[in-house]
1. Would you tally the net charge around A241, using a Cβ to Cβ cut-off of less than 13 Å, leaving A241 out, and scoring K and R as +1, D and E as -1?
2. Rank G340, S278, I358 by how far each Cα sits towards the positive end of the charge dipole of segment 268-379 (+1 on Lys, Arg Cβ; -1 on Asp, Glu Cβ) and give me just the farthest.
3. Using a cut-off of 14 Å between beta-carbons, work out the net charge of the residues near R350 (Lys and Arg +1, Asp and Glu -1, R350 not included).
4. Highest first, please rank the peptides 391-403, 279-291, 248-260 by the mean number of other Cβ atoms sitting within 10 Å of their residues.
5. Please give the per residue accessible area of segment 23-169, computed with a probe of 1.4 Å over protein heavy atoms only, in Å².
6. Given R₀ = 60 Å, what would the calculated FRET efficiency be for T338 paired with A101, taking r from the Cβ atoms and rounding to 0.05?
7. Using every Cα-Cα pair within segment 101-156, state what percent have a distance larger than 18 Å.
8. Could you please report the charge total around L311, scoring K, R as +1 and D, E as -1 over all other residues with beta-carbon less than 11 angstrom from its beta-carbon?
Amino acid sequence: MQSAAFLGPSLPAHLTSGDPLRASVGHLLSRAYALPCSTAAQAFSQLVQPTSRFQLALDALLPLLSTSSELAQRILVSFILYSLYAPHPIAINPFKSVLFATFVKERDLAVRVASDGSSTSDNEQLVWVLWKILKGDGNDIGPYSPSTLARSPLPPKLRAINLTLDEETYTTEPNIYDTDDTASHTPSSKQREGLRRIVTVVPAGEISSSPASHLAQETKVSAEDDKTNESIAQAMSLLLAARERVLTLSEQRLLSPAIPQLISPPMITSLDLSPLISNNATLAYPIVVALLTQPSSKLNSVGLSAYLDVLKHMPPILSSFDLLGRLLRDPTEIRDLTTGGKTTVADLIRVEVLGRFIHESINWLDNAERKEREGLVSDDRYAKGVQHLCRFYTSLLKMSLMDPASDADSTEMRHFTLRNSHFEEAGALFRVLGSGRF
């Protein structure tokens, strides 16, 4: 299992149900904390159909404002609730009353903590983000990630005690009749650009160098940055969808260039790898390489073991053999977390994965044979699996990754091919292993 620090904010409990859409939104919320708020909000819009956005936001996102213990997650949820109606004034945002009530509650808490003059509340940044959103300046926050906003120190004049809002503005019902329609439209680049503004809250000389302070002076996002964020948002939704279905070629072309940005930090966990490999073996290769070659500061030994365990237990099907074959030929240099030296992806897979994968494949096929004998399955998974495993092992011999004369390398496979020698591929491989040379 990966540590909490490695994974980031935990998956919300009410988003881990059997509903695939809620599960995907839950993964988005727990993985997107290091990406720009605007990118995550766009990914939400990509994941959720227009007619479902308001209800899902109401049922799944709104509870996190008060129940989530993760500050970055609460900041992200606040921004998504704002962004659904970003093309329109905050006065007609149907979530404004809840956002205001949260602002008041969190502000009062922060003021109480700071009343003795020696303490600072952990929620000061959330108060400031809600204040910006309710003032109608939420777009200024968009270019910054929730984790950056959550840990950025605020100058004195932006502390909770100095932030006030007019209650009447945010507690009256919005005069709007096409609520669902407004939620169904993602703001265009032109609309977003029109809503951006330069806001001076504190004199420049009194502002620190934190990202939050820069936001207080000026936020300018170029059209190119806007386009990049939209592309990443679309790629995020495709990466989550890749666990559930086979992506089209055009979708794969959209996702592939964004893989490095989505993997550092990872948008997916080791639990997502197995279905992703089964559905999209071609995409799985660059994704696994990106996961294994993350900077050592982001990839620890626990995280590495979790990814390698998935590879060890892949079923003996074509997508698994294709992925492992590619990894065994990959010369990409990576840091050896055990010795601190250098190794390659190919060497790591050969040493840590290959032997165990073959062992688990044999166990899987033995189990498939038993089920077939007992009449529990009627497909040809057993015969096909024997065929594919023997061909894969033969290719390993050709690459000199296995030695037919070595008992350590070939004993288990020799017994397996003998038991299955009635299959042509197994019989041929048994003769090679029996002779001790290829």
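The values are calculated or read from the model by the stated rules, or taken from the named source; none is laboratory data. What you are looking at is a predicted structure, and each value in this text was computed from that prediction instead of being measured. Cβ placement follows ideal geometry from the backbone for every residue including glycine, while neighbour counts extend to all protein chains displayed. Surface areas here come from the heavy atoms of the whole protein model, side chains and all, with no ligands, DNA or RNA. Shrake-Rupley method; radii C 1.70, N 1.55, O 1.52, S 1.80 Å.
1. Summing Lys and Arg as +1 and Asp and Glu as -1 gives -1.
2. G340
3. -2
4. Details: 391-403: 16.3, 279-291: 19.8, 248-260: 14.2.
The packing order, highest mean first, is 279-291, 391-403, 248-260.
5. Counting only protein heavy atoms, the per-residue value for segment 23-169 is 35 Å².
6. Rounded to the nearest 0.05, the efficiency is 0.70.
7. Details: 523 of 1540 pairs.
Here the tail beyond 18 Å accounts for 34 percent of pairs.
8. Within the 11 Å Cβ shell, the charges total -1.
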